[in-house]
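Here the structure is laid out as structure tokens; the discussion comes afterwards.
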Amino acid sequence: MACSLFPTLPYLGKRRIANKRRVPYDRHMASDFAKLFYPSSVAIVGASVKPDSVGNSLRHNLNTFKGAVYYVNPNHTDLDGTVCYPSVSKLPAPVDLAVIATPAASVPSIVEEAGKFGIKHLVVISAGFRETGPEGAKLEEEAKDLSLKYDVTLVGPNCLGIMNPEIGLNTSFAGDLPMDGSIAFVSQSGALMTAILDYAKKWRLGFSKCVSTGNKATVDETDLLSYLATDEKTKVILLYVEDISDASRFITAAKKVSCVPSPKPIIFLKSGRTKEGSHASASHTGALGGVDAYYSALARQSGSIRVATISEFLSSAMVASSNVAPKGSHVAIVTNAGGPGVLITDEAIDFGLHLAELSAASIEKLQSQLPETARVHNPVDILGDAKAERYESATRTLLADPAVDSLLVLLTPQSGTEITKTAEVVAGLPTDKPVIASFMGQDAVTQGITILRGKGIAVTEYPEDAARALGRFSAFAARGCPIPSPFSYGHMDAERVRSILWHLPNTEGFIPEREAGLILSAYGFPILTTIQAASTEETVAAVQKIGVPCAVKISSPAISHKRDVGGVILNVTANTASDAYETIMKNVRAHVPEARVDGVIVKEMAPLGLECILGIVKQPHFGTMVMVGMGGTYVEVTKDVAFGVLPIDLFDAKEMIASLHARALFDGYRGTPALDVDALIDGLGRLGRLAQDFPEISEIDINPFTLYPKGKGAKVVDVRMKLA
């Protein structure tokens with residue numbers, strides 16, 4: 001269900017009314033999911049003995065469940081000697097959880113019957129709903145409405161089911177239960193969940209809860225995050241998502257998991273990274289956005305660890321669940337091979353880690369322990385003939401160094417390498433610092449990897465995976481628990497903006513540049529003097545009034561990118577103003593003869609500075625995105641921008657700016673002065689507030705937003721604004 005991030009606004013104009021979206025519905029489900037994951041009784045609705053049927057798989061998978069199991073099927077009185085009830089209302093008493101595996105058409109009536117009978121938790125395995133088309137969508141909506149009416153939690157439909165290994169609960173038609181452990185796994189894809197759980201057996205990963213959300217009719221990943229935040233069994237959360245319909249709500253829930261005194265890492269895998277996610281857009285902000293950029297913003301703001309591949313998904317889960325959070329980003333590396341040692345070092349640096357600078361005492365100790373030709377500086381190379389004893393002395397020395405926050409242990413199978421003994425050494429290291437091993441190879445190292453994983457040590461086959469996972473885990477730990485910090489700015493004149501919108505002419509969706517500038521001015525943006533002119537005479541008079549060299553630009557609601565049609569001339573004086581007007585009109589008539597033209601805009605020229613960009617764009621079923629980055633003519637070429645999901649606070653704004661590749665320019669570069677970053681942060685906050693107050697403004701580009709030396713502020717040089 002689409003949800004607005006903003007309150008409904010009053011009527012704002014003769015032609016435009018803010019879209020009245022449905023607010024997030026009150027889910028009316030039990031806020032505590034305890035009985036969903038810890039039921040004492042379960043009913044299988046659609047239980048069967050038919051081979052290869054879902055109902056039969058459910059029966060077998062619930063053999064491990066420690067509570068009572070009941071069968072419901074109107075076509076049987078018993079199944080394999082166990083009584084079978086004709087309907088849920090004929091059960092001896094309401095069960096804690098009912099699992100539905102019947103044809104889609106029957107599901108709404110079963111939901112209603114269960115609700116009336118007092119069953120509060122349902123898992124709907126059945127397919128044939130929204131994923132099949134309009135008729136299925138209608139059935140799903142009916143089932144959802146009934147679940148809300150009777151205050152019933154409904155997981156699914158079209159899902160794999162849920163699992164809780166701790167109590168032997170497997171309400172899925174997948175294979176065996178995974179190992180019991182501390183990882184919660186929430187997946188929109190049931191098929192991916194079965195594959196991940198199969199990988200997890202080899203990786204020796206244990207799970208606290210597994211939930212396939214399917215179509216997410218009433219229960220989605222945000223609801224589950226709210227529960228898992230307080231679940232003592234869960235220490236790490238894996239999230240596989242294909243879409244999130246309310247980004248702001250997700251961020252709020254995720255922060256209760258990842259941004260608290262004892263945070264739980266949320267490891268976030270999103271499919272469809274390369275899919276074109278932006279709608280046809282006239283703004284740079286829309287063109288630069290898309291699914292990948294928006295979900296990266298969501299992951300950053302929520303404090304989640306975003307990964308791109310299944311391998312990274314699993315390795316990050318293993319590292320986070322097997323170790324305490326590192327106290328810093330300084331890593332020590334020990335290896336028996338120079339080349340792989342360099343590879344893992346490069347990857348560690350690329351993912352934000354720093355090589356620990358070993359103390360003189362540690363170096364001296366390593367020199368006494370290792371051969372003369374060994375490298376005793378980080379990364380420490382203990383040479384190809386290293387036995388387990390050499391690994392033990394080197395790793396213990398490194399972990400004892402106060403400068404070392406974590407340890408990467410690399411092993412390649414060479415002649416004489418004691419693989420299993422070395423694995424026992426690494427598994428037995430006495431430390432409260434993260435230790436991640438990479439035993440490279442296949443058959444030769446299998447037994448060593450098995451030993452390490454059996455002892456709960458994170459170990460990867462490829463060194464890059466170890467470095468990436470540790471780097472992400474260290475960044476998560478370093479982020480800590482930022483305190484929400486509001487922006488600090490003076491009065492913003494919303495009434496003035498309402499008046500401007502009320503008196504707008506028919507602009508075909510675009511707000512004229514002059515009025516767009518006045519809207520920004522009402523919200524405290526530093527704009528340049530701007531005058532509308534409709535003739536050569538008015539253009540000359542405008543330049544004379546401004547009194548400095550001006551930019552003259554075409555004024556047309558149909559022309560978004562003015563330079564592309566020869567609609568901009570710079571450094572215009574009173575002597576050249578007439579020619580500038582005529583040239584622009586001629587250029588526009590040649591390029592877009594059908595465009596409606598309202599004359600030109602005459603604007604004072606801004607002093608040179610660093611050209612940045614600020615923008616907003618609405619993403620359907622996701623939220624409103626705010627953007628900051630390097631601006632100017634080549635913004636879509638450099639693409640050095642960062643997005644945020646509204647609402648943002650001061651911490652979010654600073655984090656967005658810090659993520660830019662060109663961020664070093666703000667501090668001064670090769671003799672240039674430091675820039676007024678506070679003005680950029682202030683502009684980002686004001687733009688977000690404007691977007692929240694007036695959601696009918698669908699796109700804004702402020703480009704360039706020219707930044708000057710510290711204390712000198714910024715100027716809005718150009719603005720493009722569009723109404724929904």
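Values quoted throughout were computed directly from the atomic coordinates according to the rules given, and no laboratory measurement underlies them. It should be emphasised that the depicted structure is a prediction, and the values quoted were computed from it without experimental measurement. Every residue, glycine among them, receives a Cβ derived from its backbone with ideal geometry; neighbour counts consider all protein chains shown.
Assorted remarks:
- Applying both filters, DSSP loop and at most 15 other Cβ atoms within 10 Å, to the trypsin sites (Lys or Arg not before Pro) of the stretch 635-724 gives K639, R670, K712.
- Placing dummy labels 7 Å off each Cα toward the beta-carbon, the span from Y462 to E594 is 5.1 nm.
- With each label modelled as a point 7 angstrom along the Cα→C-beta vector, the D443-R396 pair spans 3.5 nm.
- In a simple Cβ point-charge model (Lys, Arg +1; Asp, Glu -1; nothing else charged), the stretch 610-723 has a dipole of about 180 debye relative to its Cα centre.
- Its Cα gyration tensor gives the stretch 324-479 an equivalent ellipsoid. The semi-axes, each the square root of 5 times an eigenvalue, are 21, 19, 14 Å from largest down.
- For the stretch 576-682, the list of GluC sites (Glu not before Pro) that fall in a loop by DSSP and count at most 12 other C-beta atoms within 10 angstrom reads E594.
- Computed extension length for H621-E131: 174.7 nm, one decimal, from 0.36 nm per residue of separation with the Cα-Cα distance subtracted.
- Packing rank of 397-407, 134-144, where each peptide gets the mean count of other beta carbons within 10 Å, highest leading: 397-407, 134-144
- Degrees between helix 338-350 axis and first principal axis of the chain (Cα, 0 to 90, nearest 10): 50 degrees
- Between the beta carbons of K586 and L608, assuming R0 = 35 Å, the FRET efficiency works out to 0.75 to the nearest 0.05.
- Inter-site label distance for T672 and S578 at 7 Å from Cα along Cβ, in nm: 4.1 nm
- Computed magnitude of the charge dipole of the stretch 160-215 (debye, nearest 20; Cβ of K, R +1, Cβ of D, E -1): 140 debye
- One quarter of the convex hull surface built on the alpha carbon atoms of the stretch 529-604 amounts to 4.1 nm², the projected area averaged over directions.
- Rounded to 0.05, the FRET efficiency of the A724 and A93 pair, given R0 = 60 Å and the Cβ-Cβ distance, is 0.70.
- Phi to ³J(HN,Hα) by Karplus 6.51 cos²θ - 1.76 cosθ + 1.60 over the stretch 485-502, Hz, x for Gly, Pro: 10, x, 6, 10, 8, x, 4, 10, 8, 5, 5, 5, 5, 4, 5, 5, 5, 4
- At full extension, T82 and H661 could sit 201.9 nm farther apart than now, given 0.36 nm per residue minus the alpha carbon distance.
- For trypsin sites (Lys or Arg not before Pro), the sites in the stretch 34-68 that DSSP calls loop and that have at most 12 other Cβ atoms within 10 Å are K66.
- Label-zone membership for the stretch 340-356, site A308, 7 angstrom Cα→C-beta point, backbone N under 19 Å: 343-353
- Excluding same-chain neighbours fewer than eight residues apart, the lysines reachable from K715 by a Cα-Cα span under 27 Å are K545, K553, K562, K603, K618, K639, K654.
- Sequence-separation-based contact order of the chain, relative, with Cα cut under 8 Å and 6+ spacing, percent: 10 percent
- Range in the chain, longest, excluding exposed chymotrypsin sites (Phe, Trp or Tyr not before Pro) [loop by DSSP; at most 11 other beta-carbon atoms within 10 Å]: 12-633
- Under a model in which nothing but the beta-carbon of Lys, Arg (+1) and Asp, Glu (-1) is charged, the chain shows a dipole of about 1060 debye around its Cα centre.
- Annotation: extensible slack from A541 through A191 equals 119.1 nm (criterion: 0.36 nm per residue apart, minus Cα-Cα distance).
- Residue-count net charge about L228 - beta-carbon cut-off 15 Å; Lys, Arg +1, Asp, Glu -1: -1
- For the stretch 610-723, the percent of C-alpha pairs falling in each 10 Å distance bin, counted from 0 to the bin holding the largest distance, reads 15, 49, 30, 5, 0.
- Radius of gyration (Cα atoms) of the stretch 116-216, expressed as a multiple of 2.2 N^0.38 Å: 1.16.
- Shown in residue order for the stretch 415-427 are the 3J(HN,Hα) couplings computed by the Karplus curve 6.51 cos²θ - 1.76 cosθ + 1.60 at θ = phi - 60°: 4, x, 5, 8, 5, 5, 5, 5, 4, 5, 4, 5, 5 Hz (x for Gly and Pro).
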